[in-house]
1. Out of the stretch 69-92, which residues are assigned to a strand (DSSP E or B), open to solvent by 10 Å² or more (accessible area, probe 1.4 Å) and hydrophobic (A, V, I, L, M, F, W, C)?
2. Can you go through E186, E132 and tell me which one is on the phi > 0 side of the Ramachandran plot, open to solvent by 10 Å² or more (accessible area, probe 1.4 Å) and not in a loop (DSSP other than H, G, I, E, B)?
3. Applying the selection to the stretch 115-129, what residues are open to solvent by less than 10 Å² (accessible area, probe 1.4 Å), farther than 17 Å from G172 by Cα and out of contact with any helix residue (DSSP H, G or I) (no Cβ under 7 Å at 6 or more places or on another chain)?
4. Give the residues of the stretch 217-250 that are acidic (D, E) and open to solvent by less than 30 Å² (accessible area, probe 1.4 Å), sorted by residue number.
5. What do you reckon, is D214 farther than 20 Å from A276 by Cβ, modelled with pLDDT of 95 or more and open to solvent by less than 20 Å² (accessible area, probe 1.4 Å)?
6. Conditions first: (1) open to solvent by 20 Å² or more (accessible area, probe 1.4 Å); (2) farther than 26 Å from G75 by Cα; (3) under 23 Å from the mean Cα position of the chain (by Cα); (4) not basic (K, R). D159 passes all but one, so which condition is the exception?
7. Looking at the stretch 365-388, which of its residues are touching an Asp or Glu at 6+ places or on another chain (Cβ under 8 Å), surrounded by fewer than 15 Cβ atoms within 10 Å (Cβ to Cβ) and either without any contact (Cβ under 8 Å) to a residue 12 or more places away in the chain or assigned to a strand (DSSP E or B) (or both)?
8. Residues of the stretch 1-48 being of a type in the set (S, T, N, Q), surrounded by 15 or more Cβ atoms within 10 Å (Cβ to Cβ) and not in a loop (DSSP other than H, G, I, E, B), which ones?
Amino acid sequence: MNSESFDIAVTGGNLVDPAAGRSGRFDVGIRDGRIAAVAPSLPPDCAPRRIDAAGKLVVPGLIDTHAHVYEHVTGKFGLGADLVGVGSGVTTVVDQGGPSCMTIPGFRHYVAERAESRVLCFISTYLVGGLEGHRYPELYGPDGVNVDHTVRAIEENRDLVKGIKAHAEIGGASRWGVEVVKLAKEISRRTEVPVYVHLGQLWPLADGVAIDADAYVREVVPLLDSGDVLAHPFTRHPGGFVSGETGRVHPIIEEALARGVKVDVGHGSHFSFDMARRALDAGIRPWTLGADLHGYNVRAPGARMSERERSGNPFFGVAPFNLTIAMSELLAIGLDLDEVVATVTANPARMLGMEDEIGTLEPGREADVSVLEVRTGRFRLSDNSGEEVVAERLVVPAWCMRAGHVFRADSPLVPEPVAVAA
């Protein structure tokens, strides 16, 4: 190997790349913004810039499968793409339901094309998209869906749109049953992209309407096909993975997973340690992990919130969690490190149909790399219900590389670790 064969060499790190089957100490050589070599050791003079990753975890660029980054257009809901992305050690963010067939041009021009992060989306089933974080349920019924126009938007934006976002929850069911999910599936089948389905109550029930949450889950889940995604497996809200009747995971969900439906954690305000334990006991394993950060569960820098909003928002504050905190929680509930890394690298790349482009450090791929610290000690983690656990390992982003460009993980959305005395 000639001296200065690479532009950058990342050396001495503990590399974990589930897609490539690599785990151990490896150096990574970068040339022209692409992975050029992965080897146990590269010569000391192989690159003019060497970055020492000794003691750190080197992984394919992290992929956040559940982001809300249609800033400004979705009101207080949307965060800056690079705050959630490269500034948090994440190279690819997938906006879930922000843009619609009407607003996808703006998403492309003002978000995807201007971000340093790679920005993709699951387009909204609804014409209004994610305006104000889906706060107005009357906008999200069947009359707010245009199948033909959404199909056309997907066909015209295949580079950005990797799926469809829909909601299957009892507030909507009290107004229009399963009709919207059926329309989302029509779009999905016509375009051959997956539908990503929110489970767990989001909206209040319509006045005077009672809904059997378990019966609704049994009705809606069979509509999904292999490759579709069920989100929020660990939610404590009614209509989720865990039956309110039995306290156990619905058999109908287990059947869906057996036929190829996938599970995305979709952390956000939907993570419960109790529900996670029940799901794991039933054999439910997360396939992908999205942070689900948005303007109602973190406060973006410079954003203002009224006293009324502040008092009514139990998640108010700067970054009570981020993607690596969510990774730490999966470690704390019993997943091993390689499995957790797969949920934010190899598996989401497959979900997006981009396993030949991202999700691995194989030579020839674009140089998307995340470098993390795995700290050991005693760290306090808390969930949506207020339950706290003490974790022995905490994953913290150090920096990342997006297409060969290095970014420090200095986003204000990255929280300071909270250590606990022994």
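1. Selection gives nothing.
2. On the way: E186 fails: on the phi > 0 side of the Ramachandran plot.
Criteria check complete, one pass: E132.
3. L120, F122 - these are the residues of the stretch 115-129 that are open to solvent by less than 10 Å² (accessible area, probe 1.4 Å), farther than 17 Å from G172 by Cα and out of contact with any helix residue (DSSP H, G or I) (no Cβ under 7 Å at 6 or more places or on another chain).
4. Here is the first cut: in the stretch 217-250, the residues acidic (D, E) are 219, 225, 228, 245.
The answer is D228, and nothing else.
5. Details: farther than 20 Å from A276 by Cβ: no; modelled with pLDDT of 95 or more: yes; open to solvent by less than 20 Å² (accessible area, probe 1.4 Å): yes.
Against the criterion (farther than 20 Å from A276 by Cβ, modelled with pLDDT of 95 or more and open to solvent by less than 20 Å² (accessible area, probe 1.4 Å)), D214 does not qualify.
6. (2)
7. Scanning the stretch 365-388 gives T376, G377, R378, R380.
8. Within the stretch 1-48, the first condition is being of a type in the set (S, T, N, Q), and the residues that meet it are 2-3, 5, 11, 14, 23, 41.
Retained after the next criterion (residues that are surrounded by 15 or more Cβ atoms within 10 Å (Cβ to Cβ)): 5, 11, 14.
Within the stretch 1-48, T11, N14 qualify.
The values are calculated or read from the model by the stated rules, or taken from the named source; none is laboratory data. Because the structure is predicted, anything quoted here is derived from the model rather than measured. Because the Cβ atoms are built from the backbone with ideal geometry, glycine has one as well, and the counts that use them run over all protein chains shown. For accessibility, only protein heavy atoms count, side chains too; no ligands or nucleic acids. Shrake-Rupley method; radii C 1.70, N 1.55, O 1.52, S 1.80 Å.
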